[in-house]
Structure formats: C-alpha cells, structure tokens
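The values are calculated or read from the model by the stated rules, or taken from the named source; none is laboratory data. These numbers come from a predicted model, not from an experiment. Neighbour counts are summed over all protein chains in view; Cβ atoms, including those assigned to glycine, are modelled from backbone coordinates with ideal geometry. Remember, those area values only see protein heavy atoms, side chains included, never the ligands or the DNA or RNA. Shrake-Rupley method; radii C 1.70, N 1.55, O 1.52, S 1.80 Å.
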Amino acid sequence: MTSSDRRRVLLLIGLYLFSALLLVRVHGPRVFFIAMGDDEVYYAHARSIAVVHNFRYENVPLGTFGTLNDGRLIAARYSIGPGILLSPFVWTGHLLAKLFEPEASQSGEITATDLLSACCGSMHFGLAGFLFLYGYLRSYFDEESSFWAVALVAFSSPLLYYLFRRPLMAHACEFFALSAAFF
C-alpha cells in the first residue's frame, strides 16, 4: 500500500466516523434502536449463539416473538448469517453487561450494553466492507477513482442509515461479506 493509498484509507475512515458523529448529533442520544421484525430476529440469532447457546426462542424478551404463538417460526424465515457475524460482539456486550448492569443481566433482560455492542459490530463490519471495497477497486483502478467510487457507494445509498440508525438489520453484514468475497 502506497502512502497515497494510506491517506485515502484514512480519509475514508475519517468520513465514516464523521458520518457517525453527525448522525448522533442530528438524532440525539437515541441513535440506535431495535424495531420489531427483522432487527429483532437477527439480534435473536446472535443472542442465541453467543449467550443462550440454543435456538429456542420462547423466552426471547423481544416484541416480535411475543406477538406470535411460536417465535421459532418467525426466526426460521430469516438467515442466520448476520447472527453468526454479530455473535462475538453480542457475547462481549453480554460480558460487559454482567459487569456493569448485573441486575438487568441476571433477569434475562436485553440491556443497553447488549444492544450497543451489536451496533458496534454492525459499524465494524460496515467500515471493513468499505475498506475491502477500496482494496478491490484499487486492484483495477487508480487511487482517486477507487476513493470516489467508495465515497459514492457510502453517500448515495441507504447503507449509512443501516449502519448507524438501524444497525441490527442484515445490510452491514451483507455488505461486508460481498466486499470481502470480491476482495
């Protein structure tokens, strides 16, 4: 990697972090949220792998699973791939929750630390996806074209929304997996 490439990668990382901070500033403290449906199911897969160690969803304290008779049928409709990728982050968040929020963690609640760790995982995979995409493009194009292509992908698609505002959706993991496969 040339020094010019390093500068462009650092600029991409800077733009990525600036986007995150701008989103926090615009939306306030409640930037990350978990919505009923896809978000919950992908998070439930990750939690099942990292914390519960089984795929029985009867006791998952999430709205999607409480509204239906059999939560397992809901979970079966969604792929487990994002859950596998996010599970190390959920596991880390669960350990931190045990240390800093022991009452909530012991009661089986999903704590803010649990969700924040999953969100950090999503943002990690998004940034890694951008870096893999830049590396892939650099093997075919010059530095400037590669940089602007990655910047256009970031700012002309709803990907940043899914990385920072709805991070429990599968889009960050999909983008990472596709970028890594092309790289």
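Listed values, structure above:
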| item | result |
| --- | --- |
| Inter-site label distance for S79 and L152 at 7 Å from Cα along Cβ, in nm | 2.6 |
| Potential lengthening between E101 and E144 on full extension [0.36 nm per residue; Cα-Cα distance subtracted] | 10.8 nm |
| Given charges at beta-carbon only (K, R positive; D, E negative), |dipole| of the range 113-183 in Debye | 200 |
| Kirkwood hydrodynamic radius (C-alpha pairs) into Stokes-Einstein, the range 137-183, 4 °C and 1.567 mPa s, D in µm²/s | 112 |
| Segment Y161-F18, extension gain: residue separation times 0.36 nm, minus the distance between their alpha carbons | 50.1 nm |
| Accessible heavy-atom area order of I110, I80, highest first, probe of 1.4 Å | I80, I110 |
| Net charge over other residues, Cβ less than 12 angstrom from the Cβ of T113 (K, R count +1; D, E count -1) | -2 |
